[in-house]
Amino acid sequence: MREIAGLRLDPFRREVYRDGRYVALTRKQFAVLEVLVAAEGGVVSAEDLLERAWDENADPFTNAVRITVSALRKRLGEPAIIATVAGVGYRIDTQRSASERAEETAPGTRA
Amino acid sequence: MDRQPGVSVRLKLTLSYAGFVMLAGALLLTAVSVFLLRGTPNGIFVPNLSNLSNLLLAFDPTNFGPAIFGPVAAAMLAFLLVFGLLGGWILAGRMLAPLTRITDATRMATNGSLSHRIRLPGRSDEFRELSDAFDTMLAQLETHVAEQQRFAANASHELRTPLAITKTLLDVVRTDPNLDTGDLVDRLHAVNTRAIDLTEALLLLSRADQRSFDRECVDLSLLAEEATETLLPLAEKRGVSIETSGDMASTIGSHALLLQVTTNLVHNAIVHNLPDQGTVWVTTSVRPRTAVLTVENTGEKLTREVVSTLAEPFRRGRERIRADPAGVGLGLAIVTSITQAHEGTLTLAPRAARGLCVTVQFPAAPPHTGR
């Protein structure tokens, strides 16, 4: 069980929860998220993602990573949790989502 | 079913006709006797049958009066009995005649002759309705059986092809032992894969037709993304781009079978597309009672006539092309059968600007059944 920025991944049952809510993902979407979560907020390049979430026969010029990441973003919902680092790759946005969640939950916890 | 022999309907009807005629006649005569012959001696009601000439008096028109009532009544009742039995027998026979034709047709259908029709002439009545319903049933059975036979013939033909190719390849290697076996193994492998694909497609078809599968809540938009993931390498190889969009659309059904539907549709949309720069749009949406999956693609201009034949088994695009490596030709047939098994509808329509638009509608899952 891995947790980061409100995301909870169960690698054995291949299930993902965001803030306690179940999110249904496809196989590739889960694989990509698993790699990003394992990097713990670090940047993962598209090439790395392709190598680790797809097989070695994948076409290096494929759009698969871009398409899967954009579908994954949509499935995980707002606020966006996967950030694009221009020219480098993708990472889980731990800071922003953590601070936003703190702001959102703060009034509720005080009341 | 074996049954005990019984009284025929014709005889039963005849007896009941005769019975009613007798009853009516007796009642009428009783009424006459009660209201007209009151006060006359009771002896007249008992005709003296010991003397036949006494009875014959009844047929002499010059005789009349209470004295003659007894013999006349007996003669009338005897006549009514004969009339009722005879008339009843003829009438019942006429009424029941269509039943014999229907029974004959049923016997012929049982023996395998489904082309026979009863076609009862005349205006509508209960028997005509029965015979028309029977004719409709026979016609449907006939088309269904013909369809099955054609399918079986096509399926065996398609299955024979890879086996025949395998045999040829093996013959070649037997006559020429110096042949490059690597190439041969590759070709055998390809042919064998094709045979397996075809067999699996046939199995899938029968499984969907029997409706033996587990049902769960399935989100069509997730299936669309999964199918896109699987087929993206093929699409990129053919220079086709896939755009997936739409809302979550849940239905109840088999995840594996519905994924097969989506994959087959997207696969067809990629394969039957423009040679270059083609596009496939996969969209999901929810209407009040239905979950809708739409797969559109660019491609050749299609007429309605061509589109209406696309779902037939073993048809690939315009013709049944043997050399086309696109698939086994069961894709849309499988989609049709799985869709029907899920109480859904499949609509194929040519797009205004070239290409095809395939819409599958499933009953929407009731809310709160998903996780």
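Taking the listed residues B:Thr263, B:Thr309, B:Thr283, B:Thr294, the one that is open to solvent by 20 Å² or more (accessible area, probe 1.4 Å) and in contact with a Phe, Trp or Tyr (Cβ under 8 Å, 6 or more places away or on another chain) is B:Thr294, with no other qualifying.
Within segment B:300-325, residues that are at negative phi reach partners that are modelled with pLDDT of 55 or more and open to solvent by 90 Å² or more (accessible area, probe 1.4 Å) with beta carbons closer than 6 Å, at six or more positions or on different chains, in the pairs B:Lys301/B:Arg354.
Scanning segment B:205-219 for residues that are among the charged types (D, E, K, R) and away from chain A (no Cβ under 14 Å) returns B:Arg207, B:Asp209, B:Arg211, B:Asp214, B:Arg215. Go through segment B:198-218 and give me each residue that's open to solvent by less than 20 Å² (accessible area, probe 1.4 Å) and either in a strand (DSSP E or B) or closer than 26 Å to B:Pro363 by Cα (or both). B:Ala201, B:Leu205, B:Ala208, B:Val218 - these are the residues of segment B:198-218 that are open to solvent by less than 20 Å² (accessible area, probe 1.4 Å) and either in a strand (DSSP E or B) or closer than 26 Å to B:Pro363 by Cα (or both). On inspection, B:Lys167 does not qualify as within 14 Å of chain A (Cβ to nearest Cβ) and either without any contact (Cβ under 8 Å) to a residue 12 or more places away in the chain or open to solvent by 80 Å² or more (accessible area, probe 1.4 Å) (or both). Sort out which residues of segment A:53-77 are open to solvent by 70 Å² or more (accessible area, probe 1.4 Å) and either modelled with pLDDT of 85 or more or on the phi > 0 side of the Ramachandran plot (or both), and write them in order of number. Selection gives A:Arg66, A:Arg73, A:Lys74.
Residues in segment B:230-282 that are of a type in the set (Gly, Ala, Ser) and either part of a helix (DSSP H, G or I) or not assigned by TED's automatic domain parsing to the domain that holds B:Leu293 (or both) were compared, and the one that is nearest to the chain's Cα centre (by Cα) is B:Ala256. Among the residues of segment A:45-65, is there at least one that is in contact with a Phe, Trp or Tyr (Cβ under 9 Å, 6 or more places away or on another chain), touching a residue at least 40 places away in the same chain (Cβ under 8 Å) and more than 18 Å from A:Leu9 (Cα to Cα)? Among the residues of segment A:45-65, at least one is in contact with a Phe, Trp or Tyr (Cβ under 9 Å, 6 or more places away or on another chain), touching a residue at least 40 places away in the same chain (Cβ under 8 Å) and more than 18 Å from A:Leu9 (Cα to Cα), which makes the answer yes. When we screen A:Arg8, A:Arg2 for residues that are touching a helix residue (DSSP H, G or I) at 6+ places or on another chain (Cβ under 6 Å), more than 10 Å from chain B (Cβ to nearest Cβ) and either basic (Lys, Arg) or open to solvent by 50 Å² or more (accessible area, probe 1.4 Å) (or both), the only hit is A:Arg2.
Close contacts from segment B:183-205, counting a first residue that is modelled with pLDDT of 80 or more and a second that is open to solvent by 60 Å² or more (accessible area, probe 1.4 Å), with Cβ to Cβ under 6 Å and a gap of 6+ residues or different chains, come to B:Val191/B:Ile165. Of the set (1) buried (at least 23 other Cβ atoms within 10 Å of the Cβ); (2) away from chain A (no Cβ under 13 Å); (3) among the acidic types (Asp, Glu), all apply to B:Glu225 but (2). Every condition in (1) over 21 Å from B:Leu348 (Cβ atoms); (2) outside the structural domain of B:Val282 (by TED's automatic domain parsing) holds for B:Ala201 except the one numbered (1). The condition (being at pLDDT 90 or above, open to solvent by 50 Å² or more (accessible area, probe 1.4 Å) and not β-branched (Val, Ile, Thr)) is satisfied by just one residue among B:Ala24, B:Ala18, B:Ala67: B:Ala24.
Only one entry of B:Arg107, B:Arg119 meets the criterion of being loosely packed, with under 14 Cβ neighbours inside 10 Å and in the same structural domain as B:Arg94 (by TED's automatic domain parsing), and that entry is B:Arg107. Residues of segment A:20-76 that are of a type in the set (Ser, Thr, Tyr) and at the interface with chain B (Cβ under 10 Å from one of its Cβ atoms): A:Tyr22, A:Thr26, A:Thr62, A:Thr68, A:Ser70. For segment B:231-242, the set of residues classified as more than 9 Å from chain A (Cβ to nearest Cβ) and open to solvent by 20 Å² or more (accessible area, probe 1.4 Å) consists of B:Leu234, B:Arg238, B:Gly239, listed by residue number.
The values are calculated or read from the model by the stated rules, or taken from the named source; none is laboratory data. Given the structure is predicted, the values throughout are model-derived calculations rather than measurements. Glycine gets a Cβ as well: all are built from the backbone with ideal geometry, and neighbour counts include every protein chain shown. With ligands, DNA and RNA removed, areas are computed over all heavy atoms of the protein, side chains included. Shrake-Rupley method; radii C 1.70, N 1.55, O 1.52, S 1.80 Å.
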